[in-house]
Amino acid sequence: MPTDLIRRGPVHVLIVGAGGTGSAMAMNLPYLDQAMRVWGHASGLDVTMMDADTVSATNCVRQPFSASDIGQNKATVLINRINIFWGTKWRVIPHRFHARSFENDRGNAPDIVIGCVDTREARKAIEESFNHGLSKTCYWLDLGNNAASGQYVLGQPLNGRNRRKAERLRTVSELYPEIVDVAAGEDPLPSCSAVEALDRQEPFINPTLALHALAMLGQLFRYGKLSYHGAFFNARSGQTSALPVDPRLWSRTKRRSRKLAT
């Protein structure tokens with residue numbers, strides 16, 4: 001972990017996406033904030049959540065929203081709730097993220113971007129942002145899932161803050177470039193029916209991924225290093241496979257991804 005990340009005040013976190021996984025991350029980040037303060041990181045976390053979406057009736061089935069929230073911006077509902085309960089001053093950007101969202105506001109660029117998006121286009125926008133307004137971002141934590149499985153991968157994007165070196169954590173798009181391949185098309189959009197939504201996706205996959213990813217961040221902030229930087233989880237089999245910090249494995253994974261793409 002870069003030493004300046006915890007020596008110069010709060011760690012600035014941007015959550016992109018306030019859906020099933022994003023909401024689970026946001027609601028549990030205060031526990032990481034409290035743990036960091038106990039470990040001696042006195043300023044903890046400073047969090048901003050970004051999403052243009054509003055709460056629908058279907059969202060109330062698998063996400064922490066109620067009927068009274070319908071029609072309101074998701075990120076605003078969640079962050080207001082967190083601030084009231086925890087006494088934090090976390091912020092909201094009720095807009096859609098795009099590659100140049102922070103182009104004119106580089107001074108407020110986050111240290112960590114947590115991507116909780118469900119399209120290749122959205123991931124591509126996050127990847128491209130590290131060459132624009134987020135050129136000083138240190139980590140990109142990506143979380144994604146399908147019907148019964150999912151993954152989380154923490155990487156250090158190549159930008160003005162992270163240089164080429166063997167031990168740099170590879171990002172999800174470096175290891176699995178198909179995840180940002182917009183030309184490959186998108187998966188079916190979430191259903192507007194609560195019954196169909198539950199048929200298409202196991203109900204607890206999002207919070208499971210979020211809590212596992214937060215446990216990994218806890219290891220990073222407590223010990224300053226990691227032996228793994230992500231994992232793959234299958235809800236039906238109950239199996240979890242860690243992604244080790246291993247440059248040789250990264251090389252093999254990238255070669256395999258290239259072969260599959262040809």
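Read-outs: derived from the displayed coordinates by stated rules, not from any lab. The structure presented is a predicted model; accordingly, all values stated were derived computationally and were not measured. Here the Cβ is made from the backbone with ideal geometry for all residues, glycine too, and neighbour counts use every protein chain on show.
Would region 38-148 count as rounded, prolate or oblate if I go by the C-alpha gyration tensor, calling it rounded below 1.5 in a/c and otherwise prolate when a/b exceeds b/c, oblate otherwise? Could the numbers behind the result be given before it?
Numbers: a/c = 1.71, a/b = 1.20, b/c = 1.43.
Oblate, because a/c is 1.5 or more while a/b does not exceed b/c.
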Exercise. When the Debye formula is applied to the Cα atoms of the chain, each taken as the same point scatterer, what base-10 log of I(q)/I(0) results at q = 0.08, 0.10 Å⁻¹?
Worked result: -0.30, -0.48
Problem set entry | Neighbour cut-off at most 13 other Cβ (10 Å), DSSP loop, trypsin sites (Lys or Arg not before Pro), region 204-255 | K225, R236
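What is the fewest-to-most order of Y139, Y152 by other Cβ atoms lying within 10 Å of their Cβ?
Taking fewest neighbouring Cβ atoms as first place, the list is Y139, Y152.
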Exercise. Of all DSSP beta bridges located in region 1-91, what percent are antiparallel, nearest 5?
Worked result: 10 percent
Seminar exercise, completed: The answer for trypsin sites (Lys or Arg not before Pro) in region 3-56 that fall in a DSSP coil and have at most 15 neighbouring Cβ atoms within 10 Å is R7, R8
Exercise. Could you give me the ³J(HN,Hα) list for region 44-55, computed from phi with Karplus coefficients 6.51, -1.76, 1.60 and θ = phi - 60°, whole Hz, x at Gly and Pro?
Worked result: x, 10, 10, 10, 10, 10, 10, 5, 9, 6, 10, 6
Exercise. Can you give the calculated 222 nm mean residue ellipticity of the chain, where each DSSP H run of n ≥ 4 adds -39,500 (n - 2.57) and the sum is split over every residue, rounded to the nearest 500 deg cm²/dmol?
Worked result: -10500 deg cm²/dmol
Seminar exercise, completed: If L143, L226 are placed from fewest to most neighbouring beta carbons inside 10 Å, the sequence is L226, L143
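Quick one: of the DSSP bridges fully inside the chain, what percent are antiparallel, nearest 5?
Details: 16 of 33 bridges.
Once the DSSP bridges in the chain are tallied, antiparallel ones form about 50 percent.
Starting from the Cα-Cα distance between N234 and V38, subtract it from 0.36 nm times their residue separation and give me the gain in nm to one decimal. Mind showing how you got there, number by number?
Values: separation 196, 0.36 × 196 = 70.56 nm, distance 3.29 nm.
Extending this stretch completely gives an extra 67.3 nm.
Once fully extended, how much extra length lies between R248 and Y31, figured as 0.36 nm per residue of separation less the alpha-carbon to alpha-carbon distance?
On the way: separation 217, 0.36 × 217 = 78.12 nm, distance 3.43 nm.
Taking 0.36 nm per residue and subtracting the Cα distance, the gain is 74.7 nm.
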For this session: Would you calculate the separation in nanometres between label points at T119 and K136, each defined as 7 Å from the Cα along the Cα-to-beta-carbon direction?
Result: 3.1 nm
Problem set entry | Efficiency of FRET between I84 and S227 - r from beta-carbon atoms, R0 41 angstrom, step 0.05 | 0.65
Exercise. Can you list the chymotrypsin sites (Phe, Trp or Tyr not before Pro) in region 1-73 that are in a DSSP coil and have 15 or fewer other beta carbons within 10 angstrom?
Worked result: W39
Exercise. Within region 149-173, what residues put their amide N at less than 14 Å from the label point 7 Å along the Cα-to-Cβ vector of R8?
Worked result: 160-162
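Which length gain, in nm to one decimal place, applies between E186 and E167 when the Cα-Cα distance is subtracted from 0.36 nm times their residue separation? Before the final figure, lay out the partial values.
Values: separation 19, 0.36 × 19 = 6.84 nm, distance 3.23 nm.
This chain segment gains 3.6 nm when fully extended.
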For this session: Please report the relative contact order for the chain, taking Cα pairs under 8 Å with a sequence separation of at least 6, and give it as a percent rounded to a whole number.
Result: 19 percent
For this session: Straight distance only, please: which aspartates and glutamates reach the Cα of K165 with their own Cα at less than 16 Å, same-chain residues fewer than 8 apart left out?
Result: E174, D246
